[in-house]
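Below is one structure, written out as structure tokens; comments come after it.
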Amino acid sequence: MHSNETDRRYTLFVGVVLFVLAVFVLRLIWVQVIDAKAINEISNEARETSRTIPAIRGNIIDSEGHILATTLISWDVNVDPKNVGPVVLTIGDQKVAFTKEEIAQKLSEILRVPTEELLTKMTGTSRYANLRKAVSAATYSKLKELDIPWVYFDKKQKRHYPDGAVAGNLLGFVGSDGSALEGIERMMNSCLAGTDGKESYIQGADLIRIPSSVQVIQQVKHGSDVVLSINSDLQYSAQQEMAATVKRLNADWASAIVIEVSTGRILAAAEAPTVDPNNFSAVKAQNRSSRIFRSAFEPGSILKTVAAATAIDAGKATPLSQVVAPYALKMPWGQYINDSHKHPPEKLTLTGVLAVSSNTGLVQLGGKVDSKTRFEYMQKFGIGSKSGVNFEGESSGLLADYTKWDRMTDQTVMFGQGVSLTPIQTADIYQTIANKGVRLSPVLIEGCQDRNGNLTRTAVDSPVRVLSEKSASDTMDMLEKVVEFGSIGKTARIPGYRIGGKTGTAQIAEGKGYGRLFAVSFVGVAPAENPRYVVAVTAFRSRNISNSLGATPGFVAIMKQVLKTYTVPPTTTKSKKIATEWK
């Protein structure tokens, strides 16, 4: 009895064990074979993660290929303290085991961080500790060669401007988060920024990426380069001159523009004060942008050239047209227009009017053209419209419709009051005259150049015929006499070259009237017999000199540099003989 009972219990026990074992075997088969794919997918999803691959921002380069803005790449070196431990490294052809302390010593030699400091950071149960920020590519390569599994890297980008403040007002800058905040950086962000990529991967139990699991979700597209028309060497020298001008005149600011006549390309657009985009927060907000495109003011006598050219092109005057120019001219409604200094009545030609910059002479000869026609010519010269550069925040200046001019404004617009221009608009006027009467859209940004060197050029406005070739030539002849005979114009002479140009002294509007300070300018063209370059210099709110004597030294220095840079041969001809006075 006892033996049979024992056998029965044993058989039952074995049966139960076999049954349980069968259940486990069937479950194992189900998990590992039948449902393996689904379970693996669930497991991978739990361990799968993704990361953004930042696009590298493109460069901004000058006309000679010199880099003005670029992106520096660095790496933050991190560890996962929870997984820090002994490592087997391949040294030559051998596998060598290293302790945690020995690895810390190796890292110390590469990172130049004390071993004790590294060991402190490497110890603990956290999943992240930074060993050193922003290491160079050379340091990164040395660390990668060690191939330590619990050391990982975060790639960082930093915008860098190698030449500091050179063209800073044009380039703009980016924020610490890489967002474009100002200037060309912001204008051309779609070209420079590129498109971030994205990849997914599976992490092991130690949270380290499994290399074979990496899948690219979106391919990274690095940014393209922006090519500018400016010459950085010329830009630098022009900025130095403008800084000296601001200091000499005790002015608020000064600007200088160099334009290639036949193409409209801006070779320099210099300002002072300027900004170093590497540290833009160090300067006042008003000095971080480009006044050349954004600051509009009454230009003064610089605009007399437009009235004179209009009168010639409209058939109402010639360079030899005669006028008696008194110091003060009483208008029919009782108000007076005065010249800048007292003098007896002068018998001047239109050429002489420009040479001595007579307001009273100009309104008599320029006034022979009706208001509507004068207004239309001003529009064709680009006054009242943004330049073709379309610089972000650019001002169009101010040109009211002629039907809204009062009787005095109808006269004063001829000598630059009651109308406002930006420095780039002023330079464009003289480019038009120098280019045989054809206004070209100024070019600052040549285009967007991809990584293969293919340049997509920036669209430009169509050329505009403003003056006949003969009228433009006559106007250039008159501008030469400004430099030959004008009391201030003479200070813009450059030995060996024929120069044409015009002075400008403009009262600065304050409230309902004018203040005590002036905007002083000189715009010149060289060589006058075959115009190639325009240089326009302005100093705003000059406190030490109240006429164009404040602007001509900067003009001469910059134009000399331009002629030297582009190896323009000296003049071999003489200017036309045109009388400035009559008897």
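Regarding Val226, is this residue surrounded by 12 or more Cβ atoms within 10 Å (Cβ to Cβ) and either at pLDDT 95 or above or under 15 Å from Gly447 (Cα atoms) (or both)?
yes
Just checking, does region 487-499 include any residue being without any contact (Cβ under 8 Å) to a residue 12 or more places away in the chain, in the same structural domain as Ala434 (by TED's automatic domain parsing) and out of contact with any helix residue (DSSP H, G or I) (no Cβ under 8 Å at 6 or more places or on another chain)?
yes
Name the helices (runs of 4 or more DSSP H) wholly within region 116-191 that hold at least 2 residues that are surrounded by 14 or more Cβ atoms within 10 Å (Cβ to Cβ) and touching a Gly at 6+ places or on another chain (Cβ under 7 Å)? Quick ask: steps written out before the conclusion?
Numbers: elements: 137-146, 168-171, 183-187.
Per the criteria, 168-171, 183-187.
Go through region 289-325 and give me each residue that's in contact with a Pro (Cβ under 9 Å, 6 or more places away or on another chain) and under 30 Å from Gly65 (Cα atoms).
Arg291, Ile292, Phe293, Ser295
Quick check on region 509-532. Is at least one of its residues touching a Ser or Thr at 6+ places or on another chain (Cβ under 7 Å) and outside the structural domain of Gln431 (by TED's automatic domain parsing)?
For region 509-532, residues touching a Ser or Thr at 6+ places or on another chain (Cβ under 7 Å) and outside the structural domain of Gln431 (by TED's automatic domain parsing): absent.
Regarding Gly384, is this residue in the same structural domain as Gly264 (by TED's automatic domain parsing) and at pLDDT below 95? Write out each step before concluding.
Numbers: in the same structural domain as Gly264 (by TED's automatic domain parsing): yes; at pLDDT below 95: no.
Against the criterion (in the same structural domain as Gly264 (by TED's automatic domain parsing) and at pLDDT below 95), Gly384 does not qualify.
Output the residues belonging to region 434-469 that are part of a strand (DSSP E or B), touching a residue at least 40 places away in the same chain (Cβ under 8 Å) and under 30 Å from Gly194 (Cα atoms).
Across region 434-469, the qualifying residues are Val443, Ile445, Glu446, Gly447, Cys448, Gln449, Leu455.
What's the total number of residues in region 384-433 that are part of a helix (DSSP H, G or I), of a type in the set (S, T, N, Q) and within 16 Å of Pro463 (Cα to Cα)?
Step one: filter region 384-433 for residues part of a helix (DSSP H, G or I), giving 402-404, 407-415, 423-433.
Those still in the list that are of a type in the set (S, T, N, Q) too: 403, 409, 411-412, 425-426, 431-432.
Filter once more, so that each one left must be within 16 Å of Pro463 (Cα to Cα): 425, 431-432.
Within region 384-433, residues that are part of a helix (DSSP H, G or I), of a type in the set (S, T, N, Q) and within 16 Å of Pro463 (Cα to Cα) number 3.
When both residues are 6+ apart or on different chains and their Cβ atoms are under 6 Å apart, which pairs have a first residue that lies in region 363-377 and is of a type in the set (Phe, Trp, Tyr), and a second that is in a helix (DSSP H, G or I)?
Listed pairs, sorted by first residue: Phe375/Tyr402; Tyr377/Thr310.
Within 24 Å of Gly65 (Cα to Cα), at pLDDT 95 or above and of a type in the set (Gly, Ala, Ser): which single residue out of Ala269, Ala193 fits that description?
Numbers: Ala193 fails: at pLDDT 95 or above.
The unique qualifying residue is Ala269.
Mind checking which residues of region 212-254 are over 26 Å from Lys436 (Cβ atoms), in contact with an Asp or Glu (Cβ under 9 Å, 6 or more places away or on another chain) and of a type in the set (Ser, Thr, Tyr)?
Answer for region 212-254, where residues must be over 26 Å from Lys436 (Cβ atoms), in contact with an Asp or Glu (Cβ under 9 Å, 6 or more places away or on another chain) and of a type in the set (Ser, Thr, Tyr): Ser213, Ser224, Ser232, Tyr236.
Each row is one residue, and each column tells you yes or no for (1) within 23 Å of Phe153 (Cα to Cα); (2) in the same structural domain as Gly453 (by TED's automatic domain parsing); (3) part of a helix (DSSP H, G or I); (4) at pLDDT below 95.
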site	(1), (2), (3), (4)
Val23	no, no, yes, yes
Leu26	no, no, yes, yes
Asn40	no, no, yes, yes
Ser43	no, no, yes, yes
Ser50	yes, no, no, yes
Ser63	no, no, no, no
Asn78	yes, no, no, yes
Lys82	yes, no, yes, yes
Gly85	yes, no, no, yes
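Keeping to region 269-279, report how many residues are out of contact with any Gly (no Cβ under 8 Å at 6 or more places or on another chain) and under 9 Å from Gly168 (Cβ atoms). First the steps, then the outcome.
To start, the set of residues in region 269-279 that are out of contact with any Gly (no Cβ under 8 Å at 6 or more places or on another chain) comprises 269-273, 279.
Then keep just the ones that are under 9 Å from Gly168 (Cβ atoms); that gives 271.
Residues flagged as out of contact with any Gly (no Cβ under 8 Å at 6 or more places or on another chain) and under 9 Å from Gly168 (Cβ atoms) within region 269-279 amount to 1.
How about region 276-292: which of its residues are out of contact with any Leu (no Cβ under 9 Å at 6 or more places or on another chain) and among the hydrophobic types (A, V, I, L, M, F, W, C)?
Ala282, Val283, Ala285
Among the listed residues Ile103, Ile56, which satisfies the condition of being part of a helix (DSSP H, G or I), in contact with a strand residue (DSSP E or B) (Cβ under 7 Å, 6 or more places away or on another chain), at pLDDT 90 or above and under 26 Å from Ala137 (Cα atoms)? Steps first, answer last, please.
Numbers: Ile56 fails: part of a helix (DSSP H, G or I).
Result of the check over Ile103, Ile56: Ile103.
Do the conditions hold for Thr456, that is, is it touching a Leu at 6+ places or on another chain (Cβ under 8 Å), modelled with pLDDT of 95 or more and not basic (Lys, Arg)? Write out each step before concluding.
Details: touching a Leu at 6+ places or on another chain (Cβ under 8 Å): no; modelled with pLDDT of 95 or more: yes; not basic (Lys, Arg): yes.
It is false that Thr456 is touching a Leu at 6+ places or on another chain (Cβ under 8 Å), modelled with pLDDT of 95 or more and not basic (Lys, Arg).
Can Pro319 be described as of a type outside the set (S, T, N, Q) and either surrounded by fewer than 20 Cβ atoms within 10 Å (Cβ to Cβ) or more than 26 Å from Ser546 (Cα to Cα) (or both)?
Values: of a type outside the set (S, T, N, Q): yes; either surrounded by fewer than 20 Cβ atoms within 10 Å (Cβ to Cβ) or more than 26 Å from Ser546 (Cα to Cα) (or both): yes.
Against the criterion (of a type outside the set (S, T, N, Q) and either surrounded by fewer than 20 Cβ atoms within 10 Å (Cβ to Cβ) or more than 26 Å from Ser546 (Cα to Cα) (or both)), Pro319 qualifies.
If you scan region 235-266, which residues turn out to be under 23 Å from Pro442 (Cα atoms) and either at pLDDT below 95 or more than 22 Å from the chain's Cα centre (by Cα) (or both)?
Ser262
Taking Gly361 as the residue in question, decide whether it is closer than 26 Å to Val520 by Cβ, assigned by TED's automatic domain parsing to the domain that holds Gly489 and in contact with an Asp or Glu (Cβ under 8 Å, 6 or more places away or on another chain). It would help to see each step written out before you state the result.
Details: closer than 26 Å to Val520 by Cβ: yes; assigned by TED's automatic domain parsing to the domain that holds Gly489: yes; in contact with an Asp or Glu (Cβ under 8 Å, 6 or more places away or on another chain): yes.
Yes: the conditions hold for Gly361.
Restricting to region 145-157, name every residue that is within 25 Å of Thr71 (Cβ to Cβ) and more than 37 Å from the chain's Cα centre (by Cα). Quick ask: steps written out before the conclusion?
From region 145-157, those within 25 Å of Thr71 (Cβ to Cβ) are 145, 151-157; that's our starting set.
Selection gives Glu145, Val151.
Given Ser546, Ser542, which one is more than 23 Å from Gln240 (Cβ to Cβ) and hydroxyl-bearing (Ser, Thr, Tyr)? I'd like the intermediate steps shown before the answer.
Numbers: Ser542 fails: more than 23 Å from Gln240 (Cβ to Cβ).
Every option except Ser546 fails the conditions.
The values are calculated or read from the model by the stated rules, or taken from the named source; none is laboratory data. Note that the coordinates shown come from a computational prediction; the quantities given were computed from them, not determined experimentally. Using ideal geometry, Cβ is built from the backbone for each residue, glycine included, and neighbour counts are taken over all protein chains shown.
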